[in-house]
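The values are calculated or read from the model by the stated rules, or taken from the named source; none is laboratory data. Computed from a predicted structure; not experimentally measured. Neighbour counts run over all protein chains shown; Cβ positions are idealised from the backbone, glycine included.
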Amino acid sequence: MARDAYDTAASSVDRRWDRAGALGAVAALAMLVLSACAAGPNPVLDSGPDPAGFWLGLWQGFILPVTFVISLFTDEVSIYESLNSGNWYDLGYVLGVTTVLGGGGGGARAARR
């Protein structure tokens, strides 16, 4: 009788590991599929002799709300400079956007009150 209880408990553990393995395989497949959608460098698009850098990215992050509204009505204006220097432009842009839109610090401050 004790042997049957052990076998039942062991098969229950095996089923849990089987589910975890299947879930891990599905998660790995999902990450592989989603990574194929990640943005990468565009070899056709040249950044030109003077690409936008950190400071222009910061400025364009600051003016994002106004630029976004204007971009809704015209094709001449976009909210992101595609001819940029890469990571430094992106860092400036994100810092500018978070400065203007408030970032996450306001929510933490309100929670303390």
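One table, with the values for the structure above:
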| item | result |
| --- | --- |
| Qualifying residue in the stretch 93-105 (condition: at pLDDT 80 or above, part of a helix (DSSP H, G or I), aromatic (Phe, Trp, Tyr) and more than 18 Å from the chain's Cα centre (by Cα)) | no |
| Cβ pairs under 8 Å, 6+ apart, first in the stretch 81-94 and closer than 11 Å to Gln60 by Cα, second part of a helix (DSSP H, G or I) and among the aliphatic types (A, V, I, L, M) | Glu81/Leu56; Tyr89/Leu56; Gly92/Leu56; Gly92/Leu58; Tyr93/Leu58 |
| Condition check for Leu32: part of a helix (DSSP H, G or I), at negative phi and at pLDDT 75 or above | no |
